[in-house]
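K.L.:
Sharing a structure with you now.
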Amino acid sequence: MRRTSRRCMDGVAAALASCLLLLAASGVDAQENQPGENLQARLLPEVEILLPENSPVKVNWILPPVEREALDMHLHDRWFSVDAEGFPWIGLDGRLLINPLKNYSAFFPQYFTNFVHLNNGALIIATEEDFGFIPAGQEVDYDPDTGYPVLGYQPLAWLPGEVDGSGEEMVSRTMYRGENCLYFVVRKTVPGEEYREKYEVFCFKPGSGQKSDQSDPDSYSAFPAYVPVYSSDETITAVTGNGEQTFIAHGQMVLLVTPGSTEPGVFYNHPTDVILALDYNSEAGLFYATNYSVGLMSKGAALEFMRVPYPRIFLRDNSLYVMLSEQAAVLQVENAGFLKQYNKTSRELVAVDGKKVSGGWFGFNFGLFSLVAIVLLLLLVLVDVLRHRFPGHVKTVWVLMVFLGYLSLFSWLIVFLYFGLAFRLSGFLVLIPFLVILVYLFSGRRQRIKD
């Protein structure tokens, strides 16, 4: 009976060890940065980035985080753009424009709805009625309350969109940035028994507007050369493109509209999150942002390489700039277009070899299971050592080895909670108790003195 119970215990221990071996083998792959494969970093507690290691892709802080309390007074939406020199511009409260790196702040003379920098660096600002630029060389006035300079404003064209006589009402007109062009989304309400909205997309290429009065530099055409691109009754959440290819987000679905197509095609469908921002150029590709992530998509596939709350994105050449809205911090991802070759159909954060990689609390479930399994196996080893006799000081050595395993496991837990699974040493620490268990199962039990 005693031999049967021993065999049963040995069998259970061996089975648990075999299961743990498989888990640990896969866990080390997920915990350690494999050379040439992936690099995962936690820049802030709520920010995680997964990038290929030994690649040209690099992440730089352009603007460090600002204390949230300093932004509490600015309760309205926040706008974000990057000029030709790579300096971030942030808009607050619909009136204030700041360039933190140049220590520059100024008031816009009226409320703006958006602003963007074109590829040539020109700053274009949209109001509720028109869009234009800030002229140079004008005399500067100052706001009496804050002392900030008040910018001048030169309109270029009225915003597109008209209401017909059937009772349509204009709700909003929003400007979006494209590659060498601007997009405008017109939102209307349509009369009927049920509340219904209509969305229209227009494209405007710089230089396509016409002066209504050539002798008056302040005049501009009431009907510039806007190109109708698309219309729908479904909510449009983001637009970008190059004037020929237009990408339009309807919540989770992104459509591709081209001039020669009879109807738009589905470019990508996000299975879980709403696409809130798109930015595209021919060099880097099509990037997107949701409320929780940043990624790069191609036809039917995508790579979600950044987890960050409420991001704003701006694509300049081959660099992607990401603003953390809650802290007004800005990151630059250099050579971001390199990530196109790793696009996957999965929406999880994935390594370049296709294995899911977790970090911090995203890997908590796996870490907890591994922790419990190792603790139980070490406990079985300790009980077995204490129940049997060993020659000389062998029993003392094995008891110390078990405690060493527990100490390594505790250290691994501290590293896991503080650094996440991206820290290289974490894989080594979790291997120590595992090796103690294996060595005892295959060698230590043979040292026992039989009764």
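Read the figures in this text as sums done on the coordinates, not as results from a lab. Quantities reported herein were computed from a predicted structural model and do not represent experimental measurements. For neighbour counting, all protein chains shown are included, and Cβ atoms are generated from backbone atoms with ideal geometry for every residue, glycine included.
K.L.:
Tell me, in nm to one decimal, what length is gained between Tyr195 and Arg445 on full extension, where the rule is 0.36 nm per residue of separation less the Cα-Cα distance?
P.N.:
On the way: separation 250, 0.36 × 250 = 90.00 nm, distance 7.67 nm.
Difference between extended and current length: 82.3 nm.
K.L.:
Given R₀ = 22 Å, what would the calculated FRET efficiency be for Ser172 paired with Phe133, taking r from the Cβ atoms and rounding to 0.05?
P.N.:
Details: r = 22 Å, r/R0 = 0.98.
Between Ser172 and Phe133 the formula returns 0.55.
K.L.:
Calculate the FRET efficiency for Tyr148 and Leu407 from the Cβ-Cβ distance with a Förster distance of 60 Å, rounded to the nearest 0.05.
P.N.:
Working: r = 59 Å, r/R0 = 0.98.
With a Förster radius of 60 Å, E is 0.55.
K.L.:
Also, I was wondering about something else. Loop only per DSSP, at most 16 neighbouring Cβ atoms within 10 Å: give me the trypsin sites (Lys or Arg not before Pro) in the stretch 225-331, ordered by residue number.
P.N.:
The qualifying sites are Lys299.
K.L.:
When N is the residue count of the stretch 76-123, what does its C-alpha Rg come to as a fraction of 2.2 N^0.38 Å?
P.N.:
On the way: Rg = 10.2 Å, N = 48, 2.2 N^0.38 = 9.6 Å.
Compactness ratio reported: 1.07.
K.L.:
Rounded, prolate or oblate: which one fits the stretch 83-187, using the alpha carbon gyration tensor with axes a ≥ b ≥ c (rounded when a/c is under 1.5, else prolate when a/b beats b/c, else oblate)? List each step's numbers first, then the result.
P.N.:
Details: a/c = 2.25, a/b = 1.57, b/c = 1.43.
Taking the square roots of the gyration eigenvalues as a ≥ b ≥ c, the stretch 83-187 is prolate.
K.L.:
Take the Cβ-Cβ distance between Glu326 and Asn242 as r, set R0 to 22 Å, and report the resulting FRET efficiency rounded to the nearest 0.05.
P.N.:
Values: r = 32 Å, r/R0 = 1.43.
My answer for the efficiency is 0.10.
K.L.:
Going down the table (Lys205/Lys344; Lys58/Lys102; Lys58/Lys299; Lys102/Lys340; Lys188/Lys340), which pairs top 30 Å between alpha carbons?
P.N.:
Flagged as over cut-off: Lys205/Lys344; Lys102/Lys340; Lys188/Lys340.
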